[in-house]
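The values are calculated or read from the model by the stated rules, or taken from the named source; none is laboratory data. In this text the structure is predicted, and so the values were computed from the model without any measurement. Backbone-built Cβ (ideal geometry, glycine too); neighbour counts: all protein chains shown.
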Amino acid sequence: MKKIATLFFMGPLVPAFGQFPLAESFLLNTDGATATYEYFPGPPPTTETVVMDDSVNCTRVCYDDDYVYVRTLNLPEYLMGPWLMNPNEPEAQESQYRIPRYPVEETGPKTAQPFGGALGIAVNGIKLYGTGDGRSYDASENENNNMGDGLWNGDAWASEGETMDPTGAGHPDGGGNYHYHATPIYLYDDPATTHSPIIGWAFDGFPIYGPYGHQNPTDASSPIVRIESSYQLRSITDRTVLPDGSMSTPPGPSDFTAFPLGTYWEDYEYVDMLGHLDEYNGRFCYTPEFPDGIYAYFVTMDEDGVPAYPYLVGPDYYGEVNAMETGGGAGNVTFPSSGLTCLDGTSTVEEMNEVVMTVYPNPATNVLNVEGLEAGTFEIYDSVGKLVNSGETGGTISIEELTSGSYILRLFSAQNISTTHFIKE
């Protein structure tokens, strides 16, 4: 099926515009397409196809000053299934998320990704589940189960990878929630000679890219390479010591035939910059959407295209996470009753006229003079999309309080909008 066109919300803007996360990265269903999936009615390989009545991709995308809100039925546009060793079938799951537009690094204790459930949302509205399969080793039962000891936590790709479908590498859980654990292959090209697109957003607001990026993270002219994880399997012959050096009480399984290395998160260790990424599976880098740089996570896989731990996001998020965006709040956010601009045909922003605006002097020290759209409300964003100043202008804007660097100015007046760059000396 041809990918559904994304609705572009503000006309021709500069690439690093501060709409963050970029609302236009989400795939919005604009033609009423409904979901389909295949299943095995009996022994493989014979399949049957089910045509659902439920919408694919995102059904609504809105934003306000702080968040982008996304509504979805959690169904992709491609033909799902069939699933080996998985009797579950996908069901429409209306979910509503919010992603912070202006993410920041968590400078205090980091927030752990959930051991089960979503850590973010893909651009097609599908849940991005975490590394865990919701189970851990239970020493009293010598098995992995939902009531385990919580010390050796099951890796979902290791235990469930064979049950993913061939088109998207996703599958439904027992509640009918179709989701990804590692590599949403429909959303990026492999191999690739250009930078991978954004495949989703973590709940801390930072983007998740496919597996290809620039070799030098801050040189957009450097070669495109497969971005590698900095985690590796530990060299262990028992499971008595956890990766942080503490003792495991009780220990994990010592039978590496029944529980091979890679069964658990704790079978891996982070080696400082062994690959391209940090312990959160991200890095600060230049990307097509953020040419001035952004912290970003990446899909990780090995040279054979096999998903590589930690797959999407590391054991902890890099950025600040609001409880509303994670845990039990994921998918249960209430859209505000007012103050939203939506991209489903009801947006007034779509109808605004792009007006050419110039500013001088540029570079500037204390004051910007504006020509082309002199009067109105303005917003100033820094190079990574954070709103740093706003107010009203009659033709001049004070920038005395800004630090030196590159900025983006947008100005609104009636049904007009204008965007430009400037440099603060």
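Summary table below
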item	result
Residue 217 vs. criteria under 23 Å from residue 101 (Cα atoms), surrounded by fewer than 24 Cβ atoms within 10 Å (Cβ to Cβ) and touching an Asp or Glu at 6+ places or on another chain (Cβ under 9 Å)	no
In the stretch 40-55, the residues that are surrounded by 10 or more Cβ atoms within 10 Å (Cβ to Cβ), of a type outside the set (Val, Ile, Thr) and part of a loop (DSSP other than H, G, I, E, B)	40
Matching residues in the stretch 164-186 - criterion: being aliphatic (A, V, I, L, M) and either touching a Phe, Trp or Tyr at 6+ places or on another chain (Cβ under 9 Å) or surrounded by fewer than 21 Cβ atoms within 10 Å (Cβ to Cβ) (or both)	164, 169, 182
Check on residue 290, in contact (Cβ under 8 Å) with a residue 40 or more places away in the chain and either under 30 Å from residue 24 (Cα atoms) or assigned to a strand (DSSP E or B) (or both)	yes
Test for residue 71: is it in the same structural domain as residue 165 (by TED's automatic domain parsing), out of contact with any Phe, Trp or Tyr (no Cβ under 7 Å at 6 or more places or on another chain) and either surrounded by fewer than 24 Cβ atoms within 10 Å (Cβ to Cβ) or under 21 Å from residue 208 (Cβ atoms) (or both)	yes
Sole residue being at negative phi, assigned to a loop (DSSP other than H, G, I, E, B) and among the hydroxyl-bearing types (Ser, Thr, Tyr), chosen from 97, 102	102
Any chance residue 148 is in the same structural domain as residue 316 (by TED's automatic domain parsing), on the phi < 0 side of the Ramachandran plot and not hydroxyl-bearing (Ser, Thr, Tyr)	yes
Any hit, the stretch 145-163, residues being part of a loop (DSSP other than H, G, I, E, B), crowded, with 20+ Cβ neighbours inside 10 Å, of a type in the set (Phe, Trp, Tyr) and in contact with a strand residue (DSSP E or B) (Cβ under 7 Å, 6 or more places away or on another chain)	yes
Where a residue in the stretch 226-245 is not assigned by TED's automatic domain parsing to the domain that holds residue 262 and its partner, wherever it lies, is modelled with pLDDT of 95 or more and assigned to a strand (DSSP E or B), with Cβ under 9 Å and at least six apart	none
Close pairs (6 angstrom Cβ cut-off, 6 or more residues apart or separate chains): more than 14 Å from residue 312 (Cα to Cα) in the stretch 195-223, outside any loop (DSSP other than H, G, I, E, B) and charged (D, E, K, R) anywhere	217/283
Qualifying residue in the stretch 116-132 (condition: closer than 23 Å to residue 256 by Cβ, surrounded by fewer than 24 Cβ atoms within 10 Å (Cβ to Cβ) and of a type in the set (Gly, Ala, Ser))	yes
Qualifying residue in the stretch 270-281 (condition: in the same structural domain as residue 202 (by TED's automatic domain parsing), at pLDDT below 95 and among the β-branched types (Val, Ile, Thr))	no
Search result, residues across the stretch 157-186 that are under 21 Å from the mean Cα position of the chain (by Cα) and either of a type in the set (A, V, I, L, M) or not assigned by TED's automatic domain parsing to the domain that holds residue 74 (or both)	164, 169, 182, 185
Options 75, 79, 28: the member that is touching a Cys at 6+ places or on another chain (Cβ under 8 Å) and at pLDDT 90 or above	28
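Okay, residues lined up against (1) assigned to a loop (DSSP other than H, G, I, E, B); (2) in contact (Cβ under 8 Å) with a residue 24 or more places away in the chain; (3) charged (D, E, K, R):
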site	(1), (2), (3)
269	no, yes, yes
278	yes, yes, yes
296	no, yes, no
303	yes, yes, yes
310	yes, yes, no
324	no, yes, no
